Amino acid sequence: GESVGLHLPTLSVQEGDNSIINCAYSNSASDYFIWYKQESGKGPQFIIDIRSNMDKRQGQRVTVLLNKTVKHLSLQIAATQPGDSAVYFCAEILYYGGATNKLIFGTGTLLAVQP
Amino acid sequence: DAGVTQSPTHLIKTRGQQVTLRCSPKSGHDTVSWYQQALGQGPQFIFQYYEEEERQRGNFPDRFSGHQFPNYSSELNVNALLLGDSALYLCASSLVATDGTDTQYFGPGTRLTVL
């Protein structure tokens with residue numbers, strides 16, 4: 001499949017190292033954030049989420065940090081593996097009340113894991 | 001448990017034609033959102049359907065329209081295709097949450113090429 005990583009910022013890491021991917025969001029009213037992983041030719045895959053009343057949340061090998069003061073998110077991947085190579089997007093949820101919301105995606109970062 | 005499915009996988013059309021893309025949500029989900037992803041960019045929100053109504057819309061012209069059926073599946077229609085409509089079209093489904101924090105799960109997408 002073709003890459004979705006063209007023209008995206010790239011983070012190159014060695015297998016086994018830890019990776020940190022950063023993201024700035026735009027709307028200070030957003031109170032829910034999600035990190036997605038998108039492999040070439042596939043749709044975005046949910047990794048981990050965090051609400052604005054938290055500043056840290058951990059999953060399996062992943063940690064998300066939220067700094068509301070500077071509107072910044074980061075995704076930390078421990079012991080990066082070749083299968084982690086993909087484009088990573090942060091997304092903020094804009095909620096309009098009732099049953100309506102939408103995701104606003106960041107630019108995306110291409111993570112390239114070197115064996 | 002089937003995830004989000006989309007059809008067709010790939011589609012080639014010429015300028016001025018019309019296209020219909022289809023999406024079946026993840027089992028148990030009642031909300032469908034559509035996104036357009038140009039090469040090298042993050043997905044852009046088109047619109048969201050809940051209870052068979054368009055509840056929220058992004059900055060897309062009226063050439064983009066949709067429908068949600070009683071079984072929660074959805075269609076995206078694009079009329080008078082332009083070259084710039086070439087993109088990956090993603091469908092995401094979720095189960096509505098009263099506070100807007102429903103997590104959206106994505107399908108594999110339909111790659112539309114307009115010649």
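Report the semi-axes of the equivalent ellipsoid for segment A:10-114 in whole Å, largest first, where each axis is √(5λ) for an eigenvalue λ of the Cα gyration tensor.
Semi-axis lengths for segment A:10-114 are 24, 15, 11 Å.
What's the buried accessible area, both sides, between B and A using a 1.4 Å probe, rounded to 100 Å²?
Chains B and A together bury approximately 2300 Å².
What FRET efficiency would be calculated for the residue pair A:Asn22, A:Tyr96, taking the C-beta separation as r and a Förster radius of 35 Å, to the nearest 0.05?
Calculated value: 0.80.
Ignoring ligands, DNA and RNA, please state the percent of accessible area on segment A:10-114 from carbon and sulfur, probe 1.4 Å.
Percent of accessible area from carbon and sulfur atoms in segment A:10-114: 45.
Assuming R0 = 22 Å, can you tell me the calculated FRET efficiency for the pair A:Gln81 and B:Thr101, based on Cβ-Cβ distance, to the nearest 0.05?
The computed FRET efficiency comes out at 0.15.
I'd like to check one number: the per residue accessible area of chain A, probe 1.4 Å, reported in Å² as a whole number.
48
Between the DSSP loop rule and a limit of at most 13 other Cβ atoms within 10 Å, which trypsin sites (Lys or Arg not before Pro) in segment B:30-104 are left?
B:Arg63
Considering Cα pairs under 8 angstrom that are at least six residues apart, work out the relative contact order of segment B:5-96 and quote it in whole percent.
Averaging sequence separation for qualifying contacts and normalising by length gives 38 percent for segment B:5-96.
Over chain A, what is the mean sequence separation of C-alpha contacts under 8 Å (at least six apart), divided by residue count, expressed as relative contact order in percent?
Relative contact order of chain A: 36 percent.
Can you pull the percent of Cα pairs in segment B:5-96 with separation above 16 Å?
The share of Cα pairs beyond 16 Å in segment B:5-96 comes to 51 percent.
Which of the lysines could be linked to B:Lys13 by a straight reach, that is with a Cα gap under 26 Å, when you skip same-chain ones fewer than 8 residues away?
A:Lys42
Do you know which residues of segment B:45-74 lose at least 50 square angstrom of accessible area in the protein assembly compared with their chain on its own, with a 1.4 angstrom probe?
Those are B:Gln56, which lose 50 Å² or more relative to the chain on its own.
Taking a probe of 1.4 Å, how large is the accessible area per residue of chain B, in Å²?
About 44 Å² of surface per residue is accessible.
Where the only charges are on Cβ atoms (+1 Lys, Arg; -1 Asp, Glu), what is the dipole of chain A about its Cα centre, to the nearest 20 debye?
320
The values are calculated or read from the model by the stated rules, or taken from the named source; none is laboratory data. Because the structure is a prediction, the values reported are computed rather than measured. Note: ideal-geometry Cβ built from the backbone for every residue, glycine included; neighbour counts use all protein chains shown. Note: areas computed on protein heavy atoms with side chains; ligands, DNA, RNA excluded. Shrake-Rupley method; radii C 1.70, N 1.55, O 1.52, S 1.80 Å.
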